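Novice: One structure is given below, represented as structure tokens, and several questions about it will come after.
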Amino acid sequence: RVGYFLSCMDAAVFPESAAATVAVLSENGCEVITPPAVACCGMPSRAVGDLCTARDCIAWNVRLFAEATVDAVVVDCATCGSMLKDYPHLVGDGPGREQVEKFSAQVVDVSAFLADIEWRQPRPLSERLRVTYHDPCHLGRAQGVTEQPRQILKSVGAELVEMEEPDLCCGGAGSYNVTHLDLSLPILERKTANILATEATLVATGCPSCEMQLQVGMRRGNLPVGVIHPIVLLARAYAAEASR
């Protein structure tokens, strides 16, 4: 029984990723609970120094998932996952810390969760896919999750081609690409060049903020490279099996 933390970005921008996460978890024997009225993880408020609002988000989400009584809190947004795991650091030693620690200990990225339960390997997709993978800073550096998303890509039969500097920031960094556009774009251009050098037709990443930033890079250069969350490809592989 897992609780799915629906990120703001997935809810508003990438609903296909959210649907894919629920479908894949269900395919692997999980009862998926998506608590209503999940609050923002609090990262945007924290980033601008509004710790009061961030702590309001923490209190709300911890209570919500405690009431849901789940075995794990699964998240498919690297930024949210990083923030949720860091909740104890933000609440200090005040009342309710024990419950906050319990919540954060349950938080796990969807790719890491699937690896832990040894997800069912699908039949390879019939289409030939040449894919490269971008490591989100909040997933690779903050959570140490690097190999599991790559394993998912390989499990659907994709040819995985590593780019140079896969863990180099794409320049998105939450709202950095809005507040510091002039600094963000050169970072994105370097990332885009590394992607193009692989001759991949798809770039996968485990963070919706990175997805949006990489899509901007592809559109700016009018480049024929799609951007996708690894979990979406796994969901497509399962769906293709069911339709055969």
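The values are calculated or read from the model by the stated rules, or taken from the named source; none is laboratory data. Worth saying up front: this structure is predicted, and the values here are computed from it rather than measured. Cβ: placed from backbone, ideal geometry, glycine included. Neighbour counts: every protein chain shown. Areas reflect the complete protein model, heavy atoms only, side chains present, ligands, DNA and RNA absent. Shrake-Rupley method; radii C 1.70, N 1.55, O 1.52, S 1.80 Å.
Novice: Tally up the carbon and sulfur contribution to the accessible surface of segment 1-82 as a whole percent, 1.4 Å probe, everything protein left in place. Walk me through the intermediate numbers first.
Specialist: Details: 2070 of 3430 Å².
Taking all protein chains in place, segment 1-82 shows 60 percent carbon and sulfur surface.
Novice: Along the Cα→Cβ direction, 7 angstrom out, place labels at Arg130 and Met212. What is the inter-label distance in nm?
Specialist: Distance between label points: 3.1 nm.
Novice: Sticking with this one: State the cysteines of the chain left without a partner when partners are defined as other cysteines whose beta carbon lies under 4.7 Å away.
Specialist: That list is Cys8, Cys30, Cys40, Cys52, Cys57, Cys137, Cys169, Cys170.
Novice: Going by amide H atoms built from the backbone, whose H comes under 5 Å of the H on Ala72, apart from near neighbours?
Specialist: Amide H neighbours of Ala72: Gly3.
Novice: Another question, if that's okay. Please find, in a Gaussian network model of the chain (springs between Cα atoms separated by less than 10 Å), the residue of Asp116, Asp76, Asp135 whose mean-square fluctuation is greatest.
Specialist: Asp116
Novice: I'd like the Karplus ³J(HN,Hα) series for segment 136-147: coefficients 6.51, -1.76, 1.60, θ = phi - 60°, whole numbers in Hz, and an x wherever there's a Gly or Pro.
Specialist: Karplus values, whole Hz, x for Gly and Pro: x, 4, 6, 9, x, 6, 7, 10, x, 9, 10, 7.
Novice: Moving to a separate point now. Choose one answer from Ser126, Ser82, Ser209: the residue with the largest mean-square fluctuation in a GNM of the chain with alpha-carbon springs under 10 Å.
Specialist: Evaluated over the chain, the most mobile residue of the options is Ser126.
Novice: Tell me, what is the per residue accessible area of segment 1-80 in Å², probe radius 1.4 Å?
Specialist: 43
Novice: May I pose another question? Given the Cα-Cα distance of Gln121 and Val178 and 0.36 nm per residue of separation, how much length would full extension add, in nm?
Specialist: Details: separation 57, 0.36 × 57 = 20.52 nm, distance 3.94 nm.
That pair, Gln121 and Val178, stretches by 16.6 nm at full extension.
Novice: I would also like to ask the following. Once phi is turned into ³J(HN,Hα) by the Karplus curve 6.51 cos²θ - 1.76 cosθ + 1.60 with θ = phi - 60°, what whole-Hz value does each residue of segment 194-201 show in order, with x for glycine and proline?
Specialist: 5, 5, 4, 5, 7, 6, 6, 9
Novice: Another question, then. Show which lysines lie in cross-link reach of Lys191 when reach means a straight Cα distance below 24 angstrom and same-chain residues fewer than eight apart are skipped.
Specialist: Leaving aside lysines fewer than 8 places away in the same chain, those within reach of Lys191 are Lys154.
Novice: Tell me, what HN-Hα J-couplings in whole Hz come from the Karplus equation 6.51 cos²θ - 1.76 cosθ + 1.60 at θ = phi - 60° for each residue of segment 125-131, using x for Gly and Pro?
Specialist: For segment 125-131, the Karplus curve yields 4, 6, 6, 7, 10, 10, 10 Hz.
Novice: Next question, about the same structure. Taking a cut-off of 16 Å between Cα atoms, list the lysines near Lys85, but don't count ones fewer than 8 places away on the same chain.
Specialist: Cross-link targets: Lys102.
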